[in-house]
Number of protein chains: 2
Amino acid sequence: MEYDDLASMKVSCVNMVSRMSETKDHPYHHGDLRRTLIDTALAMLAADQNWTFTLREVARRTGVSHAAPYKHFRDREELLRELARIGFVRLGKAMTEAMCPDLPSTRAHFMAAAQACIEFACQNPGLYRLMFSSDADKTIDPQLHDAAKSTFGILLDLLERGQRDGSFRPVAVSAMAAASWAQVHGLAMLAINGQLLDEKVGPAPVPAALDVLLDGMCCTD
Amino acid sequence: MEYDDLASMKVSCVNMVSRMSETKDHPYHHGDLRRTLIDTALAMLAADQNWTFTLREVARRTGVSHAAPYKHFRDREELLRELARIGFVRLGKAMTEAMCPDLPSTRAHFMAAAQACIEFACQNPGLYRLMFSSDADKTIDPQLHDAAKSTFGILLDLLERGQRDGSFRPVAVSAMAAASWAQVHGLAMLAINGQLLDEKVGPAPVPAALDVLLDGMCCTD
DNA sequence: CACATAAGTTTCTCCTGTAAACATGGAGGG
DNA sequence: CCCTCCATGTTTACAGGAGAAACTTATGTG
(Lines give C-alpha, C1' and ligand atoms only; values in the text may rest on other atoms or scores of the structure.)
Protein backbone atom coordinates (compact mmCIF):
# COMPACT_ATOMS: atom_id res chain seq x y z
CA MET A 1 0.00 0.00 0.00
CA GLU A 2 1.29 3.41 -0.85
CA TYR A 3 1.34 6.28 1.59
CA ASP A 4 -0.24 9.54 0.69
CA ASP A 5 1.36 11.82 3.22
CA LEU A 6 4.16 12.08 5.71
CA ALA A 7 2.03 11.82 8.84
CA SER A 8 0.84 8.30 8.20
CA MET A 9 4.28 7.23 7.05
CA LYS A 10 5.72 8.33 10.35
CA VAL A 11 3.10 6.42 12.28
CA SER A 12 3.89 3.36 10.28
CA CYS A 13 7.63 3.57 10.90
CA VAL A 14 7.22 4.09 14.61
CA ASN A 15 5.19 0.93 14.84
CA MET A 16 7.54 -1.08 12.67
CA VAL A 17 9.23 -2.56 15.73
CA SER A 18 6.13 -3.93 17.38
CA ARG A 19 5.21 -5.57 14.12
CA MET A 20 8.24 -7.84 14.46
CA SER A 21 6.35 -10.08 16.88
CA GLU A 22 3.69 -11.02 14.36
CA THR A 23 4.72 -14.67 14.21
CA LYS A 24 1.77 -15.66 16.40
CA ASP A 25 -1.62 -15.83 14.78
CA HIS A 26 -3.23 -13.17 16.89
CA PRO A 27 -0.74 -10.73 18.28
CA TYR A 28 -2.55 -8.70 20.88
CA HIS A 29 -1.17 -5.50 19.53
CA HIS A 30 -1.79 -5.23 15.87
CA GLY A 31 1.14 -3.02 15.05
CA ASP A 32 -0.38 -0.53 12.71
CA LEU A 33 -4.08 -0.89 13.12
CA ARG A 34 -4.89 2.70 12.21
CA ARG A 35 -3.29 2.34 8.82
CA THR A 36 -4.77 -1.11 8.27
CA LEU A 37 -8.26 0.11 9.08
CA ILE A 38 -7.88 2.90 6.55
CA ASP A 39 -6.59 0.54 3.89
CA THR A 40 -9.36 -1.96 4.53
CA ALA A 41 -11.99 0.76 4.34
CA LEU A 42 -10.51 2.09 1.10
CA ALA A 43 -10.49 -1.40 -0.38
CA MET A 44 -14.12 -1.97 0.59
CA LEU A 45 -15.03 1.43 -0.80
CA ALA A 46 -13.43 0.40 -4.09
CA ALA A 47 -15.17 -2.98 -4.17
CA ASP A 48 -18.78 -1.97 -3.54
CA GLN A 49 -19.48 1.28 -5.34
CA ASN A 50 -22.51 2.06 -3.23
CA TRP A 51 -21.69 0.54 0.09
CA THR A 52 -23.30 1.52 3.36
CA PHE A 53 -20.29 2.29 5.49
CA THR A 54 -20.06 0.35 8.74
CA LEU A 55 -17.33 0.60 11.32
CA ARG A 56 -18.04 -2.89 12.58
CA GLU A 57 -17.70 -4.31 9.09
CA VAL A 58 -14.34 -2.63 8.69
CA ALA A 59 -13.22 -4.01 12.05
CA ARG A 60 -14.47 -7.49 11.12
CA ARG A 61 -12.55 -7.59 7.86
CA THR A 62 -9.51 -6.24 9.59
CA GLY A 63 -9.79 -9.04 12.12
CA VAL A 64 -10.18 -7.01 15.28
CA SER A 65 -13.02 -6.44 17.69
CA HIS A 66 -15.66 -3.89 16.81
CA ALA A 67 -14.47 -1.53 19.53
CA ALA A 68 -10.84 -1.49 18.46
CA PRO A 69 -11.26 1.30 15.89
CA TYR A 70 -12.32 3.67 18.65
CA LYS A 71 -8.74 3.64 19.94
CA HIS A 72 -7.71 5.35 16.71
CA PHE A 73 -10.75 7.35 15.65
CA ARG A 74 -13.07 9.33 17.89
CA ASP A 75 -16.04 8.10 15.93
CA ARG A 76 -17.08 6.70 12.61
CA GLU A 77 -17.07 10.12 10.97
CA GLU A 78 -13.46 10.77 11.88
CA LEU A 79 -12.47 7.74 9.83
CA LEU A 80 -14.69 8.89 6.99
CA ARG A 81 -13.04 12.31 7.04
CA GLU A 82 -9.61 10.74 6.90
CA LEU A 83 -10.68 8.61 3.92
CA ALA A 84 -11.99 11.72 2.20
CA ARG A 85 -8.73 13.55 2.91
CA ILE A 86 -6.73 10.77 1.30
CA GLY A 87 -9.15 10.91 -1.60
CA PHE A 88 -8.44 14.58 -2.17
CA VAL A 89 -4.69 13.98 -2.02
CA ARG A 90 -4.99 11.23 -4.61
CA LEU A 91 -7.28 13.27 -6.80
CA GLY A 92 -4.85 16.16 -6.70
CA LYS A 93 -2.02 13.83 -7.65
CA ALA A 94 -4.03 12.42 -10.55
CA MET A 95 -4.86 15.88 -11.86
CA THR A 96 -1.29 17.12 -11.52
CA GLU A 97 0.10 14.09 -13.31
CA ALA A 98 -2.44 14.52 -16.10
CA MET A 99 -1.15 17.99 -16.87
CA CYS A 100 1.82 16.66 -18.81
CA PRO A 101 4.15 19.60 -19.62
CA ASP A 102 4.43 18.82 -23.33
CA LEU A 103 0.76 19.48 -23.93
CA PRO A 104 0.40 22.19 -26.55
CA SER A 105 -1.84 24.74 -24.83
CA THR A 106 -3.22 25.82 -21.50
CA ARG A 107 -6.57 24.78 -22.82
CA ALA A 108 -5.20 21.29 -23.35
CA HIS A 109 -3.88 21.31 -19.80
CA PHE A 110 -7.29 22.26 -18.51
CA MET A 111 -8.96 19.56 -20.54
CA ALA A 112 -6.51 16.94 -19.30
CA ALA A 113 -6.92 17.88 -15.66
CA ALA A 114 -10.70 17.96 -15.91
CA GLN A 115 -10.84 14.59 -17.60
CA ALA A 116 -8.46 13.18 -15.00
CA CYS A 117 -10.83 14.32 -12.27
CA ILE A 118 -13.82 12.72 -13.94
CA GLU A 119 -11.92 9.52 -14.62
CA PHE A 120 -10.87 9.41 -10.99
CA ALA A 121 -14.49 9.76 -9.98
CA CYS A 122 -15.55 6.95 -12.31
CA GLN A 123 -12.83 4.64 -11.07
CA ASN A 124 -13.46 5.42 -7.40
CA PRO A 125 -17.14 6.26 -7.27
CA GLY A 126 -17.56 5.39 -3.62
CA LEU A 127 -14.58 7.42 -2.53
CA TYR A 128 -15.51 10.35 -4.73
CA ARG A 129 -19.06 10.40 -3.42
CA LEU A 130 -17.74 10.30 0.12
CA MET A 131 -15.40 13.21 -0.56
CA PHE A 132 -18.32 15.43 -1.46
CA SER A 133 -20.93 14.04 0.90
CA SER A 134 -22.00 15.65 4.12
CA ASP A 135 -20.45 12.73 6.00
CA ALA A 136 -17.10 14.32 5.32
CA ASP A 137 -17.78 17.65 6.97
CA LYS A 138 -15.01 20.00 5.91
CA THR A 139 -15.89 22.58 8.52
CA ILE A 140 -14.81 20.25 11.31
CA ASP A 141 -11.47 18.86 10.17
CA PRO A 142 -8.90 21.49 9.14
CA GLN A 143 -6.69 18.84 7.51
CA LEU A 144 -9.54 17.72 5.30
CA HIS A 145 -10.38 21.32 4.54
CA ASP A 146 -6.79 22.02 3.56
CA ALA A 147 -6.61 18.95 1.34
CA ALA A 148 -9.76 19.96 -0.48
CA LYS A 149 -8.60 23.53 -0.84
CA SER A 150 -5.25 22.39 -2.12
CA THR A 151 -6.83 20.27 -4.84
CA PHE A 152 -9.11 23.15 -5.75
CA GLY A 153 -5.97 25.30 -5.88
CA ILE A 154 -4.60 23.27 -8.78
CA LEU A 155 -7.49 24.51 -10.86
CA LEU A 156 -7.06 28.09 -9.64
CA ASP A 157 -3.36 28.12 -10.53
CA LEU A 158 -4.12 26.80 -13.99
CA LEU A 159 -6.74 29.48 -14.57
CA GLU A 160 -4.44 32.27 -13.40
CA ARG A 161 -1.62 30.96 -15.52
CA GLY A 162 -3.89 30.78 -18.53
CA GLN A 163 -5.04 34.30 -17.97
CA ARG A 164 -1.47 35.60 -17.75
CA ASP A 165 -0.38 33.89 -20.95
CA GLY A 166 -3.45 35.19 -22.76
CA SER A 167 -5.21 31.88 -23.23
CA PHE A 168 -8.18 32.74 -21.06
CA ARG A 169 -10.34 35.81 -21.21
CA PRO A 170 -9.79 38.57 -18.66
CA VAL A 171 -12.92 37.68 -16.73
CA ALA A 172 -12.79 37.57 -12.94
CA VAL A 173 -10.86 34.46 -11.99
CA SER A 174 -13.40 33.73 -9.29
CA ALA A 175 -16.15 33.41 -11.86
CA MET A 176 -14.13 31.07 -14.04
CA ALA A 177 -13.06 29.06 -11.02
CA ALA A 178 -16.62 28.58 -9.83
CA ALA A 179 -17.76 27.69 -13.33
CA SER A 180 -14.91 25.24 -13.87
CA TRP A 181 -15.20 23.54 -10.52
CA ALA A 182 -18.96 23.25 -10.84
CA GLN A 183 -18.67 21.92 -14.38
CA VAL A 184 -16.07 19.30 -13.57
CA HIS A 185 -17.73 18.20 -10.36
CA GLY A 186 -21.15 18.20 -11.96
CA LEU A 187 -19.96 16.08 -14.87
CA ALA A 188 -18.24 13.71 -12.48
CA MET A 189 -21.39 13.23 -10.44
CA LEU A 190 -23.54 12.74 -13.53
CA ALA A 191 -21.02 10.25 -14.89
CA ILE A 192 -20.97 8.29 -11.65
CA ASN A 193 -24.74 8.13 -11.52
CA GLY A 194 -24.80 6.85 -15.08
CA GLN A 195 -26.85 9.80 -16.27
CA LEU A 196 -24.51 10.59 -19.13
CA LEU A 197 -24.86 7.30 -20.93
CA ASP A 198 -28.44 6.30 -21.57
CA GLU A 199 -30.19 9.60 -22.17
CA LYS A 200 -29.98 11.96 -25.07
CA VAL A 201 -26.33 12.76 -24.58
CA GLY A 202 -23.86 11.85 -27.28
CA PRO A 203 -21.14 9.23 -27.34
CA ALA A 204 -18.36 11.35 -25.79
CA PRO A 205 -20.31 13.76 -23.62
CA VAL A 206 -17.53 14.67 -21.22
CA PRO A 207 -15.04 16.30 -23.60
CA ALA A 208 -17.90 17.78 -25.61
CA ALA A 209 -19.38 19.43 -22.54
CA LEU A 210 -15.97 20.65 -21.43
CA ASP A 211 -15.42 22.17 -24.86
CA VAL A 212 -18.62 24.14 -24.50
CA LEU A 213 -17.34 25.62 -21.27
CA LEU A 214 -13.88 26.24 -22.67
CA ASP A 215 -15.37 28.07 -25.62
CA GLY A 216 -16.71 30.54 -23.11
CA MET A 217 -13.41 30.93 -21.30
CA CYS A 218 -10.84 30.96 -24.07
CA CYS A 219 -9.79 33.91 -26.20
CA THR A 220 -9.33 31.98 -29.45
CA ASP A 221 -12.76 32.49 -30.96
CA MET B 1 -50.17 21.51 2.29
CA GLU B 2 -50.27 21.65 -1.44
CA TYR B 3 -50.54 18.63 -3.66
CA ASP B 4 -48.00 18.00 -6.35
CA ASP B 5 -49.82 15.50 -8.48
CA LEU B 6 -53.21 14.00 -9.13
CA ALA B 7 -52.53 10.60 -7.61
CA SER B 8 -52.05 11.84 -4.08
CA MET B 9 -54.98 14.20 -4.42
CA LYS B 10 -57.24 11.31 -5.27
CA VAL B 11 -56.04 9.31 -2.29
CA SER B 12 -56.75 12.27 -0.06
CA CYS B 13 -60.28 12.72 -1.34
CA VAL B 14 -61.13 9.07 -0.98
CA ASN B 15 -60.11 9.17 2.65
CA MET B 16 -61.94 12.39 3.36
CA VAL B 17 -64.90 10.49 4.80
CA SER B 18 -62.99 8.48 7.36
CA ARG B 19 -61.36 11.67 8.53
CA MET B 20 -64.74 12.91 9.72
CA SER B 21 -64.53 10.88 12.90
CA GLU B 22 -61.43 12.68 14.15
CA THR B 23 -63.16 14.10 17.21
CA LYS B 24 -61.49 11.47 19.39
CA ASP B 25 -57.89 11.99 20.29
CA HIS B 26 -56.55 8.85 18.69
CA PRO B 27 -58.73 7.54 15.93
CA TYR B 28 -57.49 4.09 15.10
CA HIS B 29 -57.46 4.81 11.42
CA HIS B 30 -55.53 7.92 10.69
CA GLY B 31 -57.37 8.85 7.52
CA ASP B 32 -54.52 9.85 5.27
CA LEU B 33 -51.41 8.50 6.88
CA ARG B 34 -49.46 8.12 3.67
CA ARG B 35 -49.83 11.79 2.83
CA THR B 36 -49.17 12.86 6.42
CA LEU B 37 -45.99 10.80 6.59
CA ILE B 38 -44.73 12.43 3.42
CA ASP B 39 -45.59 15.90 4.67
CA THR B 40 -43.93 15.26 8.02
CA ALA B 41 -40.81 13.94 6.34
CA LEU B 42 -40.68 16.94 4.02
CA ALA B 43 -41.08 19.29 6.96
CA MET B 44 -38.29 17.57 8.88
CA LEU B 45 -36.12 17.65 5.78
CA ALA B 46 -36.71 21.39 5.57
CA ALA B 47 -35.98 21.95 9.26
CA ASP B 48 -32.66 20.11 9.65
CA GLN B 49 -30.59 20.66 6.55
CA ASN B 50 -28.35 17.67 7.21
CA TRP B 51 -30.62 15.27 8.96
CA THR B 52 -30.08 11.55 9.18
CA PHE B 53 -33.33 10.16 7.88
CA THR B 54 -35.14 7.80 10.21
CA LEU B 55 -38.42 6.09 9.57
CA ARG B 56 -39.09 5.73 13.28
CA GLU B 57 -38.58 9.42 13.83
CA VAL B 58 -41.04 10.25 11.08
CA ALA B 59 -43.57 7.87 12.59
CA ARG B 60 -42.99 9.35 16.05
CA ARG B 61 -43.62 12.91 14.93
CA THR B 62 -46.63 11.78 12.97
CA GLY B 63 -47.98 10.20 16.12
CA VAL B 64 -48.23 6.61 14.93
CA SER B 65 -46.40 3.44 15.81
CA HIS B 66 -43.04 2.82 14.18
CA ALA B 67 -44.43 -0.02 12.09
CA ALA B 68 -47.35 1.92 10.64
CA PRO B 69 -45.37 3.37 7.72
CA TYR B 70 -44.80 -0.14 6.39
CA LYS B 71 -48.48 -0.31 5.44
CA HIS B 72 -47.83 2.46 2.93
CA PHE B 73 -44.19 2.01 1.89
CA ARG B 74 -42.40 -1.25 1.25
CA ASP B 75 -39.32 0.05 3.02
CA ARG B 76 -37.56 3.21 4.04
CA GLU B 77 -36.16 3.77 0.57
CA GLU B 78 -39.57 3.74 -1.06
CA LEU B 79 -40.52 6.74 1.05
CA LEU B 80 -37.23 8.42 0.18
CA ARG B 81 -37.87 7.89 -3.51
CA GLU B 82 -41.34 9.38 -3.20
CA LEU B 83 -39.88 12.42 -1.44
CA ALA B 84 -37.31 12.77 -4.21
CA ARG B 85 -40.02 12.50 -6.84
CA ILE B 86 -42.00 15.31 -5.23
CA GLY B 87 -38.77 17.28 -5.10
CA PHE B 88 -38.29 16.96 -8.85
CA VAL B 89 -41.87 18.00 -9.50
CA ARG B 90 -41.42 21.07 -7.35
CA LEU B 91 -38.07 21.89 -8.88
CA GLY B 92 -39.57 21.66 -12.34
CA LYS B 93 -42.39 23.94 -11.30
CA ALA B 94 -39.94 26.46 -9.87
CA MET B 95 -37.86 26.48 -13.03
CA THR B 96 -40.88 26.78 -15.30
CA GLU B 97 -42.30 29.65 -13.30
CA ALA B 98 -38.96 31.41 -13.36
CA MET B 99 -38.97 31.50 -17.16
CA CYS B 100 -41.34 34.44 -17.27
CA PRO B 101 -42.41 35.00 -20.92
CA ASP B 102 -41.58 38.70 -20.96
CA LEU B 103 -37.88 38.08 -20.46
CA PRO B 104 -35.95 39.65 -23.33
CA SER B 105 -33.86 36.74 -24.63
CA THR B 106 -33.46 33.00 -24.56
CA ARG B 107 -30.25 33.60 -22.69
CA ALA B 108 -32.22 35.43 -20.03
CA HIS B 109 -34.62 32.51 -19.84
CA PHE B 110 -31.75 30.13 -19.33
CA MET B 111 -30.25 32.33 -16.65
CA ALA B 112 -33.56 32.57 -14.84
CA ALA B 113 -34.18 28.83 -14.90
CA ALA B 114 -30.65 28.04 -13.73
CA GLN B 115 -30.84 30.51 -10.88
CA ALA B 116 -34.24 29.14 -9.90
CA CYS B 117 -32.73 25.67 -9.67
CA ILE B 118 -29.88 26.86 -7.50
CA GLU B 119 -32.19 28.90 -5.30
CA PHE B 120 -34.40 25.87 -4.88
CA ALA B 121 -31.39 23.85 -3.80
CA CYS B 122 -30.36 26.49 -1.28
CA GLN B 123 -33.84 26.75 0.18
CA ASN B 124 -34.32 22.97 0.33
CA PRO B 125 -30.80 21.63 0.81
CA GLY B 126 -31.91 18.41 2.44
CA LEU B 127 -34.46 17.62 -0.24
CA TYR B 128 -32.11 18.57 -3.04
CA ARG B 129 -29.34 16.39 -1.68
CA LEU B 130 -31.77 13.52 -1.37
CA MET B 131 -32.90 13.97 -4.97
CA PHE B 132 -29.38 13.39 -6.21
CA SER B 133 -28.20 10.89 -3.63
CA SER B 134 -27.93 7.18 -4.18
CA ASP B 135 -30.72 6.69 -1.63
CA ALA B 136 -33.10 7.78 -4.35
CA ASP B 137 -32.22 5.14 -6.91
CA LYS B 138 -33.76 6.23 -10.17
CA THR B 139 -33.21 2.86 -11.82
CA ILE B 140 -35.75 1.23 -9.49
CA ASP B 141 -38.71 3.57 -9.52
CA PRO B 142 -40.01 4.48 -12.99
CA GLN B 143 -42.11 7.33 -11.57
CA LEU B 144 -39.06 8.90 -10.00
CA HIS B 145 -37.12 8.36 -13.20
CA ASP B 146 -39.84 10.05 -15.22
CA ALA B 147 -40.03 13.00 -12.84
CA ALA B 148 -36.28 13.54 -13.07
CA LYS B 149 -36.30 13.19 -16.84
CA SER B 150 -39.18 15.60 -17.13
CA THR B 151 -37.33 18.26 -15.15
CA PHE B 152 -34.23 17.68 -17.22
CA GLY B 153 -36.45 18.04 -20.27
CA ILE B 154 -37.23 21.65 -19.38
CA LEU B 155 -33.58 22.43 -19.96
CA LEU B 156 -33.47 20.43 -23.18
CA ASP B 157 -36.48 22.22 -24.60
CA LEU B 158 -34.95 25.56 -23.77
CA LEU B 159 -31.70 24.65 -25.49
CA GLU B 160 -33.45 23.41 -28.61
CA ARG B 161 -35.62 26.49 -28.75
CA GLY B 162 -32.58 28.72 -28.37
CA GLN B 163 -30.82 26.91 -31.16
CA ARG B 164 -33.79 27.29 -33.48
CA ASP B 165 -34.12 31.01 -32.85
CA GLY B 166 -30.40 31.50 -33.36
CA SER B 167 -29.51 32.38 -29.78
CA PHE B 168 -27.33 29.36 -29.18
CA ARG B 169 -24.51 28.08 -31.33
CA PRO B 170 -25.17 25.09 -33.61
CA VAL B 171 -23.21 22.71 -31.38
CA ALA B 172 -24.65 19.28 -30.63
CA VAL B 173 -27.54 19.78 -28.25
CA SER B 174 -26.35 16.82 -26.23
CA ALA B 175 -23.07 18.54 -25.45
CA MET B 176 -24.76 21.74 -24.38
CA ALA B 177 -27.28 19.80 -22.34
CA ALA B 178 -24.59 17.89 -20.48
CA ALA B 179 -22.62 21.05 -19.90
CA SER B 180 -25.64 22.99 -18.70
CA TRP B 181 -26.95 20.30 -16.43
CA ALA B 182 -23.53 19.69 -14.93
CA GLN B 183 -22.96 23.39 -14.46
CA VAL B 184 -26.27 24.07 -12.77
CA HIS B 185 -26.15 20.98 -10.61
CA GLY B 186 -22.50 21.55 -9.73
CA LEU B 187 -23.15 25.13 -8.71
CA ALA B 188 -26.13 24.05 -6.66
CA MET B 189 -24.09 21.46 -4.78
CA LEU B 190 -21.24 23.88 -4.17
CA ALA B 191 -23.70 26.50 -2.98
CA ILE B 192 -25.36 24.08 -0.60
CA ASN B 193 -22.05 23.03 0.86
CA GLY B 194 -21.10 26.65 1.41
CA GLN B 195 -18.09 26.33 -0.84
CA LEU B 196 -19.02 29.40 -2.86
CA LEU B 197 -18.97 31.87 -0.02
CA ASP B 198 -15.80 31.80 2.00
CA GLU B 199 -13.14 31.02 -0.57
CA LYS B 200 -11.72 33.14 -3.33
CA VAL B 201 -14.97 33.37 -5.21
CA GLY B 202 -16.54 36.75 -5.69
CA PRO B 203 -19.69 38.24 -4.23
CA ALA B 204 -22.15 36.96 -6.85
CA PRO B 205 -20.48 33.77 -8.01
CA VAL B 206 -23.56 32.03 -9.37
CA PRO B 207 -24.59 34.45 -12.14
CA ALA B 208 -20.93 35.13 -12.91
CA ALA B 209 -20.21 31.44 -13.39
CA LEU B 210 -23.34 30.98 -15.45
CA ASP B 211 -22.28 33.87 -17.66
CA VAL B 212 -18.99 32.13 -18.35
CA LEU B 213 -20.84 29.07 -19.56
CA LEU B 214 -23.34 31.11 -21.55
CA ASP B 215 -20.52 32.94 -23.29
CA GLY B 216 -19.50 29.58 -24.64
CA MET B 217 -22.99 28.67 -25.80
CA CYS B 218 -24.37 31.91 -27.18
CA CYS B 219 -23.80 33.33 -30.64
CA THR B 220 -23.63 36.98 -29.59
CA ASP B 221 -19.89 37.25 -29.11
C1' DC C 1 11.76 -5.25 37.88
C1' DA C 2 7.50 -2.64 38.74
C1' DC C 3 4.26 -0.23 36.68
C1' DA C 4 1.94 3.37 33.80
C1' DT C 5 0.03 3.43 29.51
C1' DA C 6 -1.30 2.37 24.79
C1' DA C 7 -4.04 -0.68 22.44
C1' DG C 8 -6.69 -4.43 22.47
C1' DT C 9 -11.34 -7.13 24.18
C1' DT C 10 -15.98 -7.93 26.36
C1' DT C 11 -20.08 -6.29 27.74
C1' DC C 12 -23.74 -3.08 27.85
C1' DT C 13 -27.24 0.41 26.38
C1' DC C 14 -29.75 2.68 22.99
C1' DC C 15 -31.04 3.13 18.38
C1' DT C 16 -32.52 1.58 13.69
C1' DG C 17 -34.92 -1.31 10.00
C1' DT C 18 -37.93 -4.86 9.24
C1' DA C 19 -40.88 -9.08 9.91
C1' DA C 20 -44.72 -11.41 12.18
C1' DA C 21 -48.57 -11.75 14.92
C1' DC C 22 -52.38 -9.40 16.75
C1' DA C 23 -56.24 -5.72 17.03
C1' DT C 24 -59.77 -2.64 15.27
C1' DG C 25 -63.21 -0.51 12.90
C1' DG C 26 -65.56 0.62 8.57
C1' DA C 27 -67.82 -1.38 4.34
C1' DG C 28 -70.48 -4.67 2.01
C1' DG C 29 -73.21 -9.12 1.71
C1' DG C 30 -76.70 -12.12 3.74
C1' DC D 1 -79.39 -5.35 11.08
C1' DC D 2 -75.69 -8.24 12.04
C1' DC D 3 -71.55 -10.73 10.60
C1' DT D 4 -67.50 -11.04 8.51
C1' DC D 5 -63.51 -9.40 5.68
C1' DC D 6 -59.81 -6.43 4.94
C1' DA D 7 -57.19 -2.28 5.08
C1' DT D 8 -54.80 -0.13 8.43
C1' DG D 9 -53.36 0.26 12.56
C1' DT D 10 -50.37 -1.76 17.13
C1' DT D 11 -47.30 -4.76 19.81
C1' DT D 12 -43.65 -7.71 20.05
C1' DA D 13 -39.39 -9.70 18.42
C1' DC D 14 -34.99 -9.93 16.27
C1' DA D 15 -30.73 -8.76 13.91
C1' DG D 16 -27.63 -5.45 13.39
C1' DG D 17 -24.83 -0.70 14.28
C1' DA D 18 -22.82 3.27 17.19
C1' DG D 19 -20.63 4.21 21.00
C1' DA D 20 -19.43 4.09 26.30
C1' DA D 21 -17.38 1.67 30.17
C1' DA D 22 -14.89 -1.70 32.35
C1' DC D 23 -11.55 -5.14 31.85
C1' DT D 24 -6.99 -7.21 29.87
C1' DT D 25 -2.48 -7.48 27.92
C1' DA D 26 1.98 -6.07 26.08
C1' DT D 27 5.53 -2.70 26.10
C1' DG D 28 8.73 0.77 27.09
C1' DT D 29 10.62 3.47 30.86
C1' DG D 30 12.14 4.91 35.74
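With respect to (1) within 17 Å of A:GLN143 (Cβ to Cβ); (2) without any contact (Cβ under 8 Å) to a residue 60 or more places away in the chain, the lone exception for A:ARG85 is condition (2).
Among the residues that make up segment A:174-192, is at least one of them in contact with a strand residue (DSSP E or B) (Cβ under 9 Å, 6 or more places away or on another chain) and either among the hydrophobic types (A, V, I, L, M, F, W, C) or in a loop (DSSP other than H, G, I, E, B) (or both)? Scanning segment A:174-192, I find at least one residue that is in contact with a strand residue (DSSP E or B) (Cβ under 9 Å, 6 or more places away or on another chain) and either among the hydrophobic types (A, V, I, L, M, F, W, C) or in a loop (DSSP other than H, G, I, E, B) (or both), so the answer is yes.
Residue-level check: of (1) under 23 Å from the mean Cα position of the chain (by Cα); (2) at pLDDT 95 or above; (3) more than 12 Å from DNA strand D (Cβ to nearest atom), A:ALA47 misses just (2). For segment B:134-143, the criterion of being over 16 Å from the mean Cα position of the chain (by Cα), closer than 24 Å to A:ARG169 by Cβ and not hydrophobic (A, V, I, L, M, F, W, C) is met by no residue.
One line per residue, one yes/no per condition, for (1) closer than 19 Å to A:THR52 by Cβ; (2) buried (at least 22 other Cβ atoms within 10 Å of the Cβ); (3) touching a Lys or Arg at 6+ places or on another chain (Cβ under 9 Å):
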{"residue": "B:ASN124", "(1), (2), (3)": "no, no, yes"}
{"residue": "B:ARG129", "(1), (2), (3)": "yes, yes, no"}
{"residue": "B:SER133", "(1), (2), (3)": "yes, no, yes"}
{"residue": "B:ALA136", "(1), (2), (3)": "yes, yes, yes"}
{"residue": "B:ILE140", "(1), (2), (3)": "yes, no, yes"}
{"residue": "B:ASP146", "(1), (2), (3)": "no, no, yes"}
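So that you can scan it fast, the table gives a plain yes or no per residue for (1) outside the structural domain of B:PRO142 (by TED's automatic domain parsing); (2) of a type in the set (Lys, Arg); (3) crowded, with 20+ Cβ neighbours inside 10 Å:
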residue: B:PHE53; (1), (2), (3): yes, no, no
residue: B:ARG60; (1), (2), (3): yes, yes, no
residue: B:GLY63; (1), (2), (3): yes, no, no
residue: B:HIS66; (1), (2), (3): yes, no, no
residue: B:LEU83; (1), (2), (3): no, no, yes
residue: B:ALA98; (1), (2), (3): no, no, no
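Of the residues making up segment A:103-160, those that are at pLDDT below 95 and either at positive phi or of a type in the set (Ser, Thr, Tyr) (or both) are A:SER133, A:SER134, A:THR139. Scanning segment A:189-202 for residues being modelled with pLDDT under 70 and in contact with a helix residue (DSSP H, G or I) (Cβ under 9 Å, 6 or more places away or on another chain) gives a total of 5. Only one entry in B:HIS66, B:HIS26 is in a loop (DSSP other than H, G, I, E, B), within 16 Å of DNA strand D (Cβ to nearest atom) and either at pLDDT 95 or above or basic (Lys, Arg) (or both), namely B:HIS66.
Checking each residue in segment B:164-188 for being touching a residue at least 12 places away in the same chain (Cβ under 8 Å) and surrounded by fewer than 22 Cβ atoms within 10 Å (Cβ to Cβ) picks out B:ASP165, B:GLY166, B:SER167, B:ARG169, B:VAL171, B:VAL173. The residues of segment B:42-60 that are among the hydrophobic types (A, V, I, L, M, F, W, C), near DNA strand C (Cβ under 8 Å from one of its atoms) and not in a helix (DSSP H, G or I) amount to a single one, B:PHE53.
B:GLN195 meets all of the listed conditions (1) of a type outside the set (A, V, I, L, M); (2) within 18 Å of A:ALA188 (Cα to Cα); (3) surrounded by fewer than 18 Cβ atoms within 10 Å (Cβ to Cβ) but one, namely (3).
Contact map, segment B:39-59: residues that are within 14 Å of chain A (Cβ to nearest Cβ) paired with residues that are polar (S, T, N, Q) and away from DNA strand C (no atom under 11 Å from the Cβ), Cβ distance under 8 Å, separation 6+ or inter-chain. Pairs shown: B:LEU45/B:ASN124; B:ASN50/A:SER134.
Within segment A:73-128, track down each residue that is outside any helix (DSSP H, G or I) and not small (Gly, Ala, Ser).
A:PHE73, A:ARG74, A:ASP75, A:MET99, A:CYS100, A:PRO101, A:ASP102, A:LEU103, A:PRO104, A:ASN124
Among the residues of segment B:86-103, is any within 14 Å of another protein chain (Cβ to nearest Cβ) and within 16 Å of DNA strand C (Cβ to nearest atom)? Working first, answer last.
Filtering segment B:86-103 down to residues within 14 Å of another protein chain (Cβ to nearest Cβ) leaves B:88.
After this cut, where a residue has to be within 16 Å of DNA strand C (Cβ to nearest atom) as well, the list is none.
No, there is no match, as no residue in segment B:86-103 is within 14 Å of another protein chain (Cβ to nearest Cβ) and within 16 Å of DNA strand C (Cβ to nearest atom).
The values are calculated or read from the model by the stated rules, or taken from the named source; none is laboratory data. The model shown is predicted, which means the values in this text are computed figures rather than measured ones. We place every Cβ from the backbone using ideal geometry, glycine too, and count neighbours over all the protein chains shown.
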